[in-house]
1. For segment 116-134, what are the residues that are over 14 Å from GLY61 (Cα atoms) and touching a helix residue (DSSP H, G or I) at 6+ places or on another chain (Cβ under 8 Å)?
2. For segment 87-108, name all the residues that are surrounded by fewer than 24 Cβ atoms within 10 Å (Cβ to Cβ), small (Gly, Ala, Ser) and not in a loop (DSSP other than H, G, I, E, B).
3. Could you say which residue among ASP76, ASP80 is in contact with a Pro (Cβ under 7 Å, 6 or more places away or on another chain) and over 25 Å from TYR103 (Cα atoms)?
4. Pick from segment 3-12 the residues that are touching a strand residue (DSSP E or B) at 6+ places or on another chain (Cβ under 7 Å) and not aliphatic (A, V, I, L, M): which of them is nearest to PRO55 (Cα to Cα)?
5. Contact list please: Cβ distance under 7 Å, first residue in segment 141-161 and more than 16 Å from LEU106 (Cβ to Cβ), second residue in a loop (DSSP other than H, G, I, E, B) and not hydrophobic (A, V, I, L, M, F, W, C), pairs at least six apart or on different chains.
6. Restricting to segment 109-148, count the residues that are surrounded by fewer than 13 Cβ atoms within 10 Å (Cβ to Cβ) and in a loop (DSSP other than H, G, I, E, B).
7. Can you list the strands (runs of 3 or more DSSP E) found entirely within segment 1-86 that contain at least 1 residues being of a type in the set (Ser, Thr, Tyr) and within 21 Å of GLN148 (Cα to Cα)?
8. Anything in segment 7-54 that is open to solvent by 60 Å² or more (accessible area, probe 1.4 Å), of a type in the set (A, V, I, L, M, F, W, C) and within 17 Å of the chain's Cα centre (by Cα)? List them, or say none.
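The values are calculated or read from the model by the stated rules, or taken from the named source; none is laboratory data. The structure displayed is predicted, hence computed values, not measured ones. FYI the Cβ positions are ideal-geometry reconstructions off the backbone, even for glycines, and counts take in every protein chain you see. For the accessible areas, the whole protein counts, side chains as well, though only heavy atoms, and no ligand, DNA or RNA atoms are used. Shrake-Rupley method; radii C 1.70, N 1.55, O 1.52, S 1.80 Å.
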Amino acid sequence: MQKVFVSACLVGNKVRYNGSSLCLEKTDKQWLDLNVELMIFCPEVSAGLPIPRAPAEILGGYGNDVIDGTARVIGDDGVDVTSEFLVGARQALGLCQRHGIEYAILAEGSPSCGSQQIYDGTFTGTKISGAGVTAQLLSSHGIKVYSQYNVEQLINKLNGALGE
């Protein structure tokens with residue numbers, strides 16, 4: 001059975017910075033549960049960040065800049081959590097590589113998991129186009145990243161692969 005990496009917060013696990021969760025659309029989650037094996041993972045928690053924790057944003061760039069060492073991930077409390085975000089991203093990539101995972105569903109907007117948009121580093125709620133640290137690392141290693149907002153594209157792709 002095809003394995004798909006998914007952000008733990010998207011399946012109801014209360015691992016977000018504020019102790020909350022997010023959810024995939026019910027019909028999307030049902031299809032995934034029946035047709036793939038979900039590998040549920042939170043890069044931030046796996047790297048040792050607590051729940052709850054200060055909200056964090058990328059300052060000075062995007063996920064690729066954090067990976068390259070030219071940008072930092074900072075909490076709104078001023079604490080630098082760059083190393084934890086990098087560790088979590090590497091752990092996520094390792095999981096995907098060990099299990100032959102080709103697809104990931106990540107939480108949009110997150111400085112770790114955002115694939116199309118992240119916050120701009122000003123802590124004003126302003127989003128910009130760009131990818132977070134984990135999304136960027138997975139993408140750069142050939143893993144196709146989706147968000148909770150475009151899961152249907154992945155389902156359509158997998159439906160075709162399953163011959164349905």
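1. Listed by number, the list holds a single entry, THR134.
2. GLY94
3. Working: ASP80 fails: in contact with a Pro (Cβ under 7 Å, 6 or more places away or on another chain).
Sole residue among the options that is in contact with a Pro (Cβ under 7 Å, 6 or more places away or on another chain) and over 25 Å from TYR103 (Cα atoms): ASP76.
4. In the first step, residues of segment 3-12 are kept if they are touching a strand residue (DSSP E or B) at 6+ places or on another chain (Cβ under 7 Å); the result is 3-8, 10-12.
Subsequent filtering for residues that are not aliphatic (A, V, I, L, M) retains 3, 5, 7, 12.
Values: LYS3: 30, PHE5: 23, SER7: 17, GLY12: 19 Å.
Checked segment 3-12; the qualifying residue nearest to PRO55 (Cα to Cα) is SER7.
5. LEU158/GLN2
6. 6
7. Working: elements: 3-7, 37-41, 56-59, 72-75.
Ranges flagged: 3-7.
8. CYS23, ILE40, ILE51, listed by residue number.
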